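The values are calculated or read from the model by the stated rules, or taken from the named source; none is laboratory data. None of the values given here were measured: they were computed from a predicted structure. Note that each Cβ is placed from the backbone with ideal geometry, even for glycine, and that neighbours are counted across all protein chains shown. Protein only, heavy atoms only, side chains kept; ligands, DNA and RNA dropped before computing areas. Shrake-Rupley method; radii C 1.70, N 1.55, O 1.52, S 1.80 Å.
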Amino acid sequence: MACVSKKLPSQAPDWLSSRDSAFSLAGLQARLVYPNFRLGTTGWLIAAVLTLAAGLLRFWNLAHPQELIFDETYYVKDAYSLWHFGYERSWSDDADDAFAAGQAQPGNDASYVVHPPAGKWLIAIGMALFGFDNAFGWRFAAAAAGTLAVLLTFVLAAKLFRSLFLASVAGILLTIEGHHIVMSRVGLLDIFLMLLVLAAFCALIADRTWGRRRLAAELATRYQRVASGSASAAEREDWKRSMTYGPWLGLRPWRIAAGVLLGVAISVKLSGLAFMAIFGLLTVWWDANARKTAGIRRWLPGATVLDGLWAFVSIVVVGAIAYIGTWAGWLATSGGYYRNWGAENPSLLPDWLASLIHYHVQATTFHTDLDSTHNYASAAWIWPFAGRPVSFYYRTEEDGITCATEQCSAAILDLPNPLIWWAGLLAIAAIFIRWLIVRDWRAGAILAIYAAGQLVWVLWPERTMFFFYTVTYTPFLILALTYVAGLWLAGSTDSGWQLPSRNVAVVGIGIFVLAALALSAYFLPLWTGEPIPQEQWQQRMWFQSWI
């Protein structure tokens with residue numbers, strides 16, 4: 001089924017025929033749970049091809065350039081320190097070249113860093129596998145994260161839109177999206193935050209289905225006891241309570257998995273807190289609507305009390321435990337920055353916890369007060385327009401770059417595919433209108449995640465910020481485009497729109513994908529650092545702000 005609400009049936013569904021039918025397992029599942037959509041052999045073959053293509057774009061010539069570029073100078077060297085010492089150590093200001101040659105060592109003093117350790121641990125794993133002096137090694141984990149994100153996006157789109165065609169559209173667009181490619185080819189942190197947020201959302205989608213199936217089963221079982229006429233007084237009271245507030249559904253493994261993933265996401269970057277807040281609200285709201293659909297009278301208080309408190313434990317408390325776990329290296333050693341602050345400033349808290357809290361207070365102050373000039377810094381409001389992409393690397397013939405002409409340029413520019421990015425912005429506006437009209441939960445979820453990744457930065461307009469933060473919500477921008485493609489494909493006659501035939505829609509969507517593919521081929525040299533004639537580089541600089 002495509003990405004639109006179902007048309008009204010010509011006759012009332014069977015579950016409306018009687019109370020027994022309404023509260024039978026089949027009746028409850030009919031209004032609570034879509035039939036399971038399986039990828040099948042064809043779907044998994046498509047997934048494999050897309051993952052392979054994504055991997056080729058992200059791993060090809062990954063070791064170029066064999067030098068630390070942009071913020072790799074911080075995160076890669078921190079990753080080295082974490083792996084060898086358990087905490088970040090300081091480096092000399094001129095250590096980059098020696099480090100890339102495998103000749104540099106950190107100092108003995110701890111370094112004050114403001115980003116938690118999880119993303120740097122992931123970078124360190126790649127370095128341990130492929131070499132600490134090898135650019136392939138310090139970028140391996142990022143490339144693997146970007147590749148895996150394509151697979152997850154394909155599977156997620158298939159589950160959300162129940163269409164292999166639409167899932168393929170989503171997978172192809174993310175595979176070739178330049179912003180995502182660039183962030184998958186550098187040793188920075190944001191690609192890990194993107195993957196963990198995406199994986200957490202997948203877990204919550206699985207939990208949504210699990211919870212609705214469990215709700216249907218619980219209500220059907222309790223109703224059958226009462227309907228049989230042999231129910232005890234306690235069972236009748238239990239049924240009455242169930243129809244007032246709904247049952248408690250017990251521990252929810254997929255929600256706990258989401259909590260773990262979000263806790264690790266926050267340990268990549270503290271901005272993951274915005275996604276934890278949004279996901280926590282989303283999952284409780286989904287449960288509330290499930291109770292409402294099932295016929296439970298006080299569905300919102302029931303979801304808030306019976307489900308919301310456990311959702312808080314599953315996501316926030318479990319996430320906090322996972323987050324603290326990522327600090328194991330810092331906690332297990334005594335040399336980390338602020339590690340001994342608690343012992344030097346006694347309180348009612350354990351020394352390690354007091355030290356960790358103090359560290360975070362200082363880091364939060366740094367993040368909120370950060371206001372330094374940078375040529376590629378940009379305000380959040382221009383990110384949706386790709387107004388100021390970040391240049392990670394730029395070399396000319398004067399730096400030894402060679403190409404077919406005398407004047408050459410080799411660049412790694414965090415530039416998105418313009419067609420995908422700008423069409424994605426229009427798609428966000430379209431699904432916002434769609435959500436206002438029909439309240440489709442999928443549209444609401446995509447909008448909420450986009451807001452968590454984009455609007456949260458508006459709260460600190462004076463802070464130094466960069467466009468590459470937006471990679472966190474790039475898969476969801478792709479899902480917004482896919483949603484709109486689904487509306488076109490299905491026709492949306494329920495909203496009064498008269499759209500072209502299905503065949504015309506398929507052709508139109510195919511043309512869009514091919515045009516995006518052509519643009520990606522055109523801009524690919526700017527994403528991979530491939531030397532090209534300077535004239536060709538200038539032709540790709542459509543706006544002065546891209547230079």
Additional length obtainable on full extension of the chain from VAL458 to HIS360, 0.36 nm per residue less Cα span: 33.1 nm
Net charge dipole size for the range 90-173 [Lys, Arg +1 and Asp, Glu -1 on Cβ; Debye, nearest 20]: 820
Relative contact order of the chain, defined on C-alpha pairs under 8 angstrom at six or more residues apart (%): 18
Which of LEU517, LEU282 is most accessible, then next, and so on - probe 1.4 Å: LEU517, LEU282
Net lengthening on full extension, THR293/ASN340 (0.36 nm per residue, minus Cα-Cα): 11.5 nm
Computed Rg/Rh of the range 26-143, alpha carbon atoms with Kirkwood Rh: 1.24
Whether the range 149-210 is rounded, prolate or oblate, judged on the alpha carbon gyration tensor where a/c under 1.5 counts as rounded: oblate
The range 110-136-the range 351-427 distance, computed between alpha-carbon centres (Å): 19
Computed accessible area, GLU344, all protein chains, 1.4 angstrom probe, square angstrom: 130
Heavy-atom SASA rank of TRP546, TRP83, TRP60 (probe 1.4 Å, accessible area, largest first): TRP60, TRP83, TRP546
Net charge dipole size for the range 42-160 [Lys, Arg +1 and Asp, Glu -1 on Cβ; Debye, nearest 20]: 740
Share of alpha-carbon pairs per 20 Å distance bin for the chain, given as whole %: 19, 50, 26, 5, 0
Total lysine pairs under 30 Å (Cα atoms) in the chain, excluding pairs fewer than 8 apart on one chain: 10
Heavy-atom surface of the range 367-524, accessible at 1.4 Å and reported per residue (Å²): 43
Rounded D (µm²/s) - the range 423-547, Kirkwood Rh over Cα pairs, Stokes-Einstein at 37 °C, 0.692 mPa s: 191
Positive-end residue of ILE412, LEU189, PRO35, charge dipole of the chain with Cβ unit charges: PRO35
Calculated FRET efficiency for the pair PHE85/ALA128, C-beta based, R₀ 22 Å, to 0.05: 0.95
The range 262-369, Cα convex hull volume normalised per residue, Å³: 120
Sum of side-chain charges, LYS269 neighbourhood, beta-carbon under 14 Å (Lys, Arg +1; Asp, Glu -1): -1
Positive-pole candidate from LEU425, LEU156, THR175, dipole of the chain, charges at beta carbon: LEU156
Residue order for LEU148, LEU160, LEU353 - accessible surface, 1.4 angstrom probe, largest first: LEU148, LEU353, LEU160
Loop-resident sites, the range 126-156, for chymotrypsin sites (Phe, Trp or Tyr not before Pro), counting at most 14 other Cβ within 10 Å (DSSP): none
Calculated FRET value between GLU237 and ASP20, using beta carbons and R₀ = 30 Å, to 0.05: 0.90
Chymotrypsin sites (Phe, Trp or Tyr not before Pro) within the range 204-297: DSSP coil, no more than 10 neighbouring Cβ in 10 Å: none
In nm, spacing of pseudo-spin labels at GLN103 and THR333 (7 Å Cα→C-beta vector): 2.5
R0 of 22 Å, Cβ-Cβ distance LEU309-TRP441: FRET efficiency to nearest 0.05: 0.50
Of TRP441, ILE401, TYR483, farthest towards positive along the dipole that unit charges on Lys, Arg, Asp, Glu beta carbons give the range 398-547: TRP441
DSSP H segments from the chain that extend 30 Å or more along their own axis, Cα-based, with Kyte-Doolittle mean of 1.0 or above: 135-161, 502-528
Full-extension gain in nm, ASN503 to ILE382, via 0.36 nm per residue minus C-alpha separation: 39.9 nm
